[in-house]
Amino acid sequence: GLYHPKVARYHLRHTQTTFRFYHTFFKNASLFSAVFASFFKIGVIGFGGGSALIPVVEKEVVEDKNWFNEEEYLKHTVIANITPGALPVKLGAIAGYERGGGIGSILGAYAVTLPGVILTLVLLINS
């Protein structure tokens, strides 16, 4: 026939994966929006801030949201400091991952960078 069994299995697997992604995303939409909103706010506050944002992130994820206790936050901050890359992005990714897995990690990392990207584009377009 026109539909090979391997193609049928691929389409079934792809459909199941897509369904799982959307099911997870919409089931946890409020969790993902909380991660995104928290780290977008941090990105707005700390455009270009780097290590100066450690207490800002701590206030958001430890004191305000209770996503981590002090010990967990310290451990994640040390790990983020010794790995290459922007500290707030790594903290956003770690907090997002702990709250919502891979999708949460991506949202946390992108949310903290998005305000800087938007401001840079606005400045470039208007110059």
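The values are calculated or read from the model by the stated rules, or taken from the named source; none is laboratory data. Only a predicted model underlies this, so the values are computations on that prediction, with no experimental measurement involved. A quick note on method: Cβ atoms are made from the backbone with ideal geometry, for glycine too, and the neighbour counts reach across all protein chains shown. Just the protein is used for accessible areas: all its heavy atoms, side chains included, with ligands, DNA and RNA removed. Shrake-Rupley method; radii C 1.70, N 1.55, O 1.52, S 1.80 Å.
Within segment 50-64, can one find any residue that is in contact with a Gly (Cβ under 6 Å, 6 or more places away or on another chain) and either modelled with pLDDT of 95 or more or buried (at least 20 other Cβ atoms within 10 Å of the Cβ) (or both)?
Yes: segment 50-64 contains one or more residues that are in contact with a Gly (Cβ under 6 Å, 6 or more places away or on another chain) and either modelled with pLDDT of 95 or more or buried (at least 20 other Cβ atoms within 10 Å of the Cβ) (or both).
Yes or no: segment 14-34 includes at least one residue that is modelled with pLDDT under 85, under 23 Å from residue 113 (Cα atoms), open to solvent by less than 80 Å² (accessible area, probe 1.4 Å) and in a helix (DSSP H, G or I).
Within segment 14-34 (the criterion being modelled with pLDDT under 85, under 23 Å from residue 113 (Cα atoms), open to solvent by less than 80 Å² (accessible area, probe 1.4 Å) and in a helix (DSSP H, G or I)), the answer is yes, since at least one residue qualifies.
Filtering segment 59-118 down to residues that are without any contact (Cβ under 8 Å) to a residue 40 or more places away in the chain and among the polar types (S, T, N, Q), which residue is nearest to residue 33 (Cα to Cα)?
Only one residue fits best here, namely 105.
Being part of a helix (DSSP H, G or I) and closer than 30 Å to residue 26 by Cβ narrows it down to one of 68, 39, so name that one.
39
When segment 71-94 is examined, which residues are found to be part of a loop (DSSP other than H, G, I, E, B) and either of a type in the set (A, V, I, L, M) or crowded, with 20+ Cβ neighbours inside 10 Å (or both)?
86
Go through segment 89-113 and give me each residue that's more than 15 Å from residue 31 (Cβ to Cβ) and either of a type in the set (S, T, N, Q) or touching a Gly at 6+ places or on another chain (Cβ under 6 Å) (or both).
Going through segment 89-113, the residues more than 15 Å from residue 31 (Cβ to Cβ) turn out to be 89-91, 93-94, 109-110, 112-113.
Scanning segment 89-113 gives 93, 109, 112, 113.
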